[in-house]
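Asks: Before anything else, here's the structure in question.
Just so you know, all these numbers are worked out from the coordinates, no wet-lab data involved. This structure is a prediction, so every number in the text was calculated from the model and none was measured. Backbone-built Cβ (ideal geometry, glycine too); neighbour counts: all protein chains shown.
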Amino acid sequence: MLACVAEGMRAATQELRDADLAHLGSPRLTESARNLHAQWEFGVGKLGDATEQMSIGLSSAADLYAAAEEFNTRSFGGGR
């Protein structure tokens, strides 16, 4: 699920990247929109990377937990 969130964040960034900021009505507004876009892209990139790493870490933790559970079950004579 976290991987889906990361992908959604990247998609939103792409939509903003594809937006035509040159036709907002004034040079000052266009400049402000471009600055917002740069900050947005940087922040969303960082959040996306962190989300992806959390997803990998949680998946690894689940795998390790399952392996430990199986080991414990076998150690106590169950699950033959």
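Asks: Once R0 is set to 22 Å, what does the formula 1/(1 + (r/R0)^6) return for the Cβ-Cβ distance between residue 58 and residue 14, expressed as a FRET efficiency to the nearest 0.05?
Replies: With R0 = 22 Å, the Cβ-Cβ based efficiency is 0.30.
Asks: Over the chain, what is the relative contact order in percent, taking alpha-carbon pairs closer than 8 angstrom and at least six residues apart?
Replies: RCO, the chain: 42 percent.
Asks: About its Cα centre, what dipole magnitude does the chain give when the only charges are +1 on Lys and Arg Cβ and -1 on Asp and Glu Cβ, stated in debye to the nearest 20?
Replies: Using Cβ point charges on Lys, Arg, Asp and Glu, the chain gives about 140 debye.
Asks: Roughly what would the spin-label model give for residue 70 and residue 3, points 7 Å off Cα along C-beta, in nm?
Replies: Each label point is offset 7 Å from its Cα along the Cβ direction, giving 2.0 nm.
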